[in-house]
Amino acid sequence: MEPKVNILIVDDEEIVRESLASWLEEDGYEVKVAENAARALERLPEKEWNLAMVDLKMPGMDGIELMDEIRKIKPETIVIIMTAYATVDTAVQAMKKGAYDYIVKPFNPEDLSLTIRKIIEHQKLLKENIYLRKELKKQYRLHDMVSKNHKMIEIFELVKTVAKSNSTVLVQGESGTGKELLSRAIHMESPRKDEPFVTVSCASLTESLLESELFGYEKGAFTGADQARSGKIELAKDGTLFLDEIGDISLKLQMDLLRVLEEKEFRRVGGTQLIPVNSRIIAATNRDLTKAIEEGKFREDLYYRLNVISVLLPPLRERKEDVPLLVEHFLERFNIEMGKNVEGVAESAMRMLMDYSWPGNARELRNMIERAMVVTKGRMILDADLSLPQTPGVPLSNNRGKSLSEMEKEHIRRVLLDNRWNIIRSAQVLGIDRVTLYNKIRKYELKKEPVLNS
Amino acid sequence: MGVIPDAMLRKLQDRLRDYLSLPVRISRNMPVPEGSYERNRNQYNSTRILREILREAPADAIKIVGIIDKDMCIPILTFVFGEAQLGGVASIVSIARLRQEFHGLSPDDGILFERLCKEALHELGHNFGLIHCPDRECVMYLSNTVRDVDRKRITYCDSCDSALYAKTEPWRV
Ligand SMILES: Nc1ncnc2c1ncn2[C@@H]1O[C@H](COP(=O)(O)OP(=O)(O)OP(=O)(O)O)[C@@H](O)[C@H]1O
Ligand SMILES: [Mg+2]
Ligand SMILES: [Zn+2]
Ligand SMILES: [Zn+2]
């Protein structure tokens, strides 16, 4: 039989202790509780604790101080800090100080099961092998990407495995969820990492321009082609060809692309010589391709060719636990880039960030932090430094019954209005690109409303 | 607790009797404990409900499983399907999230009943001292989503079943 796993819960609220203990016991863990830090320290010598789940805010010694003590007395005990929204920022500080993880109450049961299982698994390894705490945290990182969401971590793990293969990958997800970043990570994890990574933005070009961009052309292929040019497929050589916004290409080019994928060779525009394709292909889109197939706008056979390995990045609103982590990540980055020394985000500001729905996902958050760091005067980002889209006096309940697209439409309309229909600025605020914004304006039939001057 | 159709309870009674070979009785409807409501979450605290059930449990009850139509949670988790005292007397199952409607699908009494059976057997398993089982198809597998629930069979795996068999010995009919 496996040895029992011992968990210590430290929380000043009885109902929290009792309910969490009961939940963990059903999972077969041996659980003990303490109502404050002093009592927890008393219980520490009782056994070898695998895990301590510690509330951040407690009267007397708080969770972080207790964690410091636990790490001195029982360095092999892993500490998870439990916190409410408003104190997330402090929890991030806790992680920096060596907490294994933090949990924002209320937590998704699936995520909690997974987190605990992972800890136990790693602890087993730890016993056999000396693993550094840093190693444990690494699973939250894939090159420039960070996440502590279990779906994202699964994706990171998938990426590490599939990077070694040559299979085509289709990356789907809303705008700003990190499709390009992930595609670059696949490239960097692959044996092709020293070869080129070549991007083709399929949405921004007309059909004929995109065709010559992809395939290149021979001299005299069309008027203006006074010199032969290689296309992106050729330029990618033995590297990775990244087809961004694949959902936007014309049916004719879809056909051409399908042929390239099948035959692994192609001709330049106006050319006769067959050129082999050696690169790995990754395609990305924020469109719903299955719907596009139904509507006859996307070829099913091409879809299956591309979708050999399929990655769906969840939107940020479905992984709010990533907000503090991303904020931390962007702060670090912009501190270096701007030569600043901003230390963090005030609690109330963090709460606002946690409560917002992030239609533009991580990119919108990045832009928000970047702007806040430009305007902030002090070492902390305050509420006033954030230019969160104002929906004054509209409590959440008023949005009940509105569909997501209705809310998106309304949000875009407001941002456009706030920015006097400046497309570039509005797109920036929304964290989407210009083309996407234009598409959405068309989709929602938004029109510039005359502004009444007083 | 709340509104649970009589017919559903009677069907559940039959099923539980068949699976567990134990006498099963339907007890009268109990009001949802007032103190269990968490206003800011619009959910009900399962641990507090459990305490109340325990207080109301008839003296001769071997085990008592409450069925409630309200969505339940505990402070640290966004929701729970149910809760049980491990090796204790009382447990509780919520049908709120077991309903197809909760997930934006059209109502299906058949599916709801299957899920309820599984979760009731699961919580009773805890009451008889069983912990979660690694077998994804065993009713004692920890299900955090209805997808998990649907994948489970309506029975215990061999090893859980034999453990349960030993524990129910004194009362078996
Ligand atoms: N997990 C992450 N960790 C760190 N930064 C991220 C993450 N996801 C996204 N970002 C940030 O968001 C920006 C946008 O990501 P990316 O360009 O990959 O999005 P996308 O999905 O390709 O969006 P679009 O569909 O609009 O092209 C990145 O440059 C990066 O700064
Ligand atoms: Mg992109
Ligand atoms: Zn259980
Ligand atoms: Zn089992």
> Do we find a residue being more than 16 Å from ligand 3 (Cβ to nearest atom), assigned by TED's automatic domain parsing to the domain that holds A:THR168, in a loop (DSSP other than H, G, I, E, B) and open to solvent by less than 30 Å² (accessible area, probe 1.4 Å) anywhere in segment A:250-266?
Replying inline: no
> Got a sec? Which of A:ARG379, A:ARG420, A:ARG371 is open to solvent by 90 Å² or more (accessible area, probe 1.4 Å), under 30 Å from A:VAL342 (Cα atoms) and modelled with pLDDT of 75 or more?
Replying inline: A:ARG379
> Of all residues in segment B:74-97, which are surrounded by 22 or more Cβ atoms within 10 Å (Cβ to Cβ) and assigned to a strand (DSSP E or B)?
Replying inline: B:ILE74, B:LEU77, B:VAL80, B:GLY82, B:GLU83, B:ALA84, B:ALA90, B:SER91, B:ILE92, B:VAL93, B:SER94
> Can you tell me which residue in segment B:123-160 is farthest from the other protein chains (Cβ to nearest Cβ), limited to those that are within 10 Å of ligand 4 (Cβ to nearest atom) and in a helix (DSSP H, G or I)?
Replying inline: B:ASP158
> Of the numbered conditions (1) without any contact (Cβ under 8 Å) to a residue 40 or more places away in the chain; (2) over 18 Å from B:GLN13 (Cα atoms); (3) assigned to a helix (DSSP H, G or I), B:GLU119 satisfies every one except a single condition; which is it?
Replying inline: (2)
> Could you list, in sequence order, the residues of segment B:31-74 that are basic (Lys, Arg) and within 13 Å of chain A (Cβ to nearest Cβ)?
Replying inline: B:ARG41, B:ARG48, B:ARG51
>> Checking A:GLU234 against (1) part of a loop (DSSP other than H, G, I, E, B); (2) more than 16 Å from ligand 2 (Cβ to nearest atom); (3) surrounded by 15 or more Cβ atoms within 10 Å (Cβ to Cβ): exactly one of these is not met. Which one?
In response: (1)
>> So, A:THR285, is that one of a type in the set (Ser, Thr, Tyr) and either open to solvent by less than 80 Å² (accessible area, probe 1.4 Å) or within 16 Å of ligand 1 (Cβ to nearest atom) (or both) or not?
In response: yes
>> Checking A:GLU321 against (1) at pLDDT 90 or above; (2) charged (D, E, K, R); (3) surrounded by 15 or more Cβ atoms within 10 Å (Cβ to Cβ), only one condition comes out false. Which one?
In response: (1)
> How about segment B:161-173: which of its residues are away from chain A (no Cβ under 14 Å) and either in a helix (DSSP H, G or I) or within 16 Å of ligand 1 (Cβ to nearest atom) (or both)?
Replying inline: B:ASP161, B:SER162, B:LEU164, B:TYR165, B:ALA166, B:LYS167, B:THR168, B:GLU169, B:PRO170, B:TRP171
>> Given the criterion in contact with a strand residue (DSSP E or B) (Cβ under 6 Å, 6 or more places away or on another chain) and in a helix (DSSP H, G or I), identify the matching residue among A:ALA292, A:ALA362, A:ALA349.
In response: A:ALA349
> Does A:VAL327 qualify as being outside the structural domain of A:VAL198 (by TED's automatic domain parsing), more than 16 Å from ligand 3 (Cβ to nearest atom), not acidic (Asp, Glu) and not in a loop (DSSP other than H, G, I, E, B)?
Replying inline: yes
>> Whether any residue in segment A:6-16 is in contact with a strand residue (DSSP E or B) (Cβ under 7 Å, 6 or more places away or on another chain), surrounded by fewer than 21 Cβ atoms within 10 Å (Cβ to Cβ), without any contact (Cβ under 8 Å) to a residue 40 or more places away in the chain and away from chain B (no Cβ under 14 Å) is what I want to check.
In response: no
> Cβ-Cβ below 9 Å, separation at least six or inter-chain, first residue in segment A:103-117 and more than 9 Å from chain B (Cβ to nearest Cβ) and on the phi < 0 side of the Ramachandran plot, second among the small types (Gly, Ala, Ser) and crowded, with 21+ Cβ neighbours inside 10 Å: which pairs?
Replying inline: A:VAL104/A:ALA91
> Only one of (1) at pLDDT 95 or above; (2) touching a helix residue (DSSP H, G or I) at 6+ places or on another chain (Cβ under 7 Å) fails for B:THR168. Which number is that?
Replying inline: (1)
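The values are calculated or read from the model by the stated rules, or taken from the named source; none is laboratory data. Worth saying up front: this structure is predicted, and the values here are computed from it rather than measured. Counting neighbours? That spans all protein chains shown, and the Cβs are built from the backbone with ideal geometry, glycine included. Heads up: the accessible areas ignore ligands, DNA and RNA and are worked out on the full protein's heavy atoms, side chains in. Shrake-Rupley method; radii C 1.70, N 1.55, O 1.52, S 1.80 Å.
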